[in-house]
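Visitor: Got a structure for you, questions after.
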Amino acid sequence: MGEKRQLILPGRYESVPLIADFVGEAAESAGLGEDAAFHCRMAVDEACTNIIEHAYEGEDKGPIEVTCTIETGHCTIHIMDHGKRFDPQMIPEPTSSQNLDEIQPGGLGLHLMRKMMDVVQFSFENNRNKLTMVKVQQSVIPQREDPISEYHEVQPGLWQITPEGRLDAATAPDFEAALNRLLDKGNIWIVVDMSQVSYIASRGLKTLVSAWRKAGDAGGNLVLSGMTKRVSQVFETVGFSHIFDNYLTGEDAIVAYLGTKR
Amino acid sequence: MGLGDKGQDALSIVVEEMHRVNLLVVSGRVDSNTSPKLSEHLTRQIDSGAMNLLVDLQEVEYMSSAGLRELVSALKRVKKDGGDLRLVSPSPRVKEVLDLAGLTTLFEIFDDRVKAVGSF
């Protein structure tokens, strides 16, 4: 699982730069490079500030616990607090509108975290808020490859779709549109061939989950095949690996489908 | 644990009152520790009737959303009175944060102090 580092500090503002430095150093140890390490520092600063302001609603109300898991080119950060349960959906996304009155500075920190990190995921476990953030070395990710999302019928009634490259906020909408075209035509048995996906960010995960739900609601299923190790790590990190049926190869997925249909 | 250079001292602000504009030269870190100090200076300027503010960010090594928030709320106040708050010389890091926050369209940003002062 890589090297793990932990830091627990009181939830007060003067702890924040110390936690940010701790995480920045971990990111550098993971070989993430200066820019990515800066993004980690800053995202953690924003996260801890939010914890003090919104979860604890003040200083010295409880600790902030941080763990960093360091792998080559890959840093996973968990931040835990005992404060008020945090629901990110309560925070409006700031608009990039030029209308001053529409700017809601409250969501800025969260907005920056999402811009700077590859994965930002909130959960509530054992009465604690748990924030998971992942940052991946940029050079291992090909810049802005469009997921072409070719699909075809591999068996009568079974469709395979093959996104390529990086599935993130920029590219996921195209992929989502392709999945929706399939689903809207009543094609509810879908294999997503993940073998050509180099990286998946929150937006890509959301797209898959929502398509999986739609297929399931219609009595079908959406399964995954051929995930690379890096991509499957992201699924594990955010706890999504149990949601999907996941096959080593597309053939395995087809065999499983034929089994269900028989 | 003392505040040390991670506390309020990590930020310093020098104010220069000019003919048409008041210049705030900010240096150090603007984060949740130090943003109250920025807020205090901006508020003091606006309360004393200054509507045209120029914030020099050249020496700011770090700015988190806590700092952005103060700049946005000061901008809102001076705009109401027909004034403006403009920024000069943000470092590449700070410029990136302004970009990601979607604030580069909101603030007029200059890379030269003389031009910035002249813009008022």
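The values are calculated or read from the model by the stated rules, or taken from the named source; none is laboratory data. Small disclaimer: the values here were computed from a predicted structure and weren't measured. Note that we place each Cβ from the backbone using ideal geometry, even for glycine, and neighbour counts take in every protein chain shown.
Visitor: Regarding A:GLY239, is this residue in contact (Cβ under 8 Å) with a residue 12 or more places away in the chain, farther than 22 Å from A:SER123 by Cα and either part of a loop (DSSP other than H, G, I, E, B) or of a type in the set (Asp, Glu) (or both)?
Guide: No, not satisfied.
Visitor: Then there's this: Before we move on, is B:SER27 surrounded by fewer than 18 Cβ atoms within 10 Å (Cβ to Cβ) and small (Gly, Ala, Ser)?
Guide: yes
Visitor: Just to verify a result, which residue in the stretch B:30-58, among those that are farther than 26 Å from B:ASP112 by Cβ and surrounded by fewer than 19 Cβ atoms within 10 Å (Cβ to Cβ), is nearest to the other protein chains (Cβ to nearest Cβ)?
Guide: Out of the qualifying residues, it is B:PRO36.
Visitor: Follow-up question, since we're still on this one. Taking the criterion of being surrounded by fewer than 22 Cβ atoms within 10 Å (Cβ to Cβ), free of Cβ contacts under 8 Å to residues at least 24 places away in the same chain and away from chain A (no Cβ under 12 Å), would at least one residue in the stretch B:59-82 satisfy it?
Guide: Scanning the stretch B:59-82, I find no residue that is surrounded by fewer than 22 Cβ atoms within 10 Å (Cβ to Cβ), free of Cβ contacts under 8 Å to residues at least 24 places away in the same chain and away from chain A (no Cβ under 12 Å), so the answer is no.
Visitor: So, in the stretch A:25-53, how many residues would count as being more than 11 Å from chain B (Cβ to nearest Cβ) and in contact with a Lys or Arg (Cβ under 7 Å, 6 or more places away or on another chain)?
Guide: 5
Visitor: Here is a further query. Mind checking whether some residue in the stretch A:115-127 is at pLDDT 85 or above, aliphatic (A, V, I, L, M), in a loop (DSSP other than H, G, I, E, B) and surrounded by 13 or more Cβ atoms within 10 Å (Cβ to Cβ)?
Guide: yes
Visitor: Now for a separate question. Of all residues in the stretch A:42-71, how many are surrounded by fewer than 21 Cβ atoms within 10 Å (Cβ to Cβ), closer than 11 Å to B:SER32 by Cβ and free of Cβ contacts under 8 Å to residues at least 40 places away in the same chain?
Guide: Residues flagged as surrounded by fewer than 21 Cβ atoms within 10 Å (Cβ to Cβ), closer than 11 Å to B:SER32 by Cβ and free of Cβ contacts under 8 Å to residues at least 40 places away in the same chain within the stretch A:42-71 amount to 1.
Visitor: For the stretch B:52-118, which helices (runs of 4 or more DSSP H) that fit wholly inside it have 1 or more residues that are within 11 Å of the chain's Cα centre (by Cα) and within 16 Å of A:HIS111 (Cβ to Cβ)?
Guide: Where helices (runs of 4 or more DSSP H) fall fully within the stretch B:52-118 and carry at least 1 residues being within 11 Å of the chain's Cα centre (by Cα) and within 16 Å of A:HIS111 (Cβ to Cβ), they are B:65-80.
Visitor: Go through the residues of the stretch A:188-204 one by one and say whether even a single one is surrounded by fewer than 21 Cβ atoms within 10 Å (Cβ to Cβ), in contact with a Phe, Trp or Tyr (Cβ under 8 Å, 6 or more places away or on another chain) and modelled with pLDDT of 90 or more.
Guide: No, the conditions are met nowhere in the stretch A:188-204.
Visitor: Any chance you could count how many residues in the stretch A:17-33 are farther than 14 Å from A:ILE77 by Cβ and touching an Asp or Glu at 6+ places or on another chain (Cβ under 8 Å)?
Guide: 1
Visitor: Taking the options A:SER198, A:SER241, A:SER202, name whichever one is in contact with a helix residue (DSSP H, G or I) (Cβ under 6 Å, 6 or more places away or on another chain) and not assigned by TED's automatic domain parsing to the domain that holds A:VAL119.
Guide: A:SER241
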